Amino acid sequence: MRGTGTWHAVRVPRSPEQIQQEIDAARESLAATLDQLVHRGSPQRLQAQAQERIKHWLSTPAGQATLAAAGLFVTFVVVQKVRHARR
């Protein structure tokens, strides 16, 4: 009868050695995946990547304009504080 939605696994006889090999292969695969995740999430790597992105962005016209605007703003704030401190 087709379309009953019932699924049946077919038993494939495996020797204990085959099962052990499958377990070892799965363990090695999981270890490699874990190593990749540790590398991707490394704080030093993430920091270096962020620094490179910022350096690249600051070399663009938009980054340079933003940096100049921030410099002008800081200069303005410092001048205002000095002026108000003298009063």
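All of the numbers you see were taken from the coordinates with simple rules; none came from a lab. Remember, predicted model here, so these are calculated numbers, not experimental data. Neighbour counts are summed over all protein chains in view; Cβ atoms, including those assigned to glycine, are modelled from backbone coordinates with ideal geometry.
For S42, the conditions (1) more than 25 Å from the chain's Cα centre (by Cα); (2) of a type outside the set (D, E); (3) surrounded by 11 or more Cβ atoms within 10 Å (Cβ to Cβ) are fulfilled apart from (1).
Of the set (1) among the aliphatic types (A, V, I, L, M); (2) surrounded by 10 or more Cβ atoms within 10 Å (Cβ to Cβ); (3) more than 33 Å from the chain's Cα centre (by Cα), all apply to A25 but (3). The condition of being surrounded by 10 or more Cβ atoms within 10 Å (Cβ to Cβ) and not charged (D, E, K, R) does not hold for V82.
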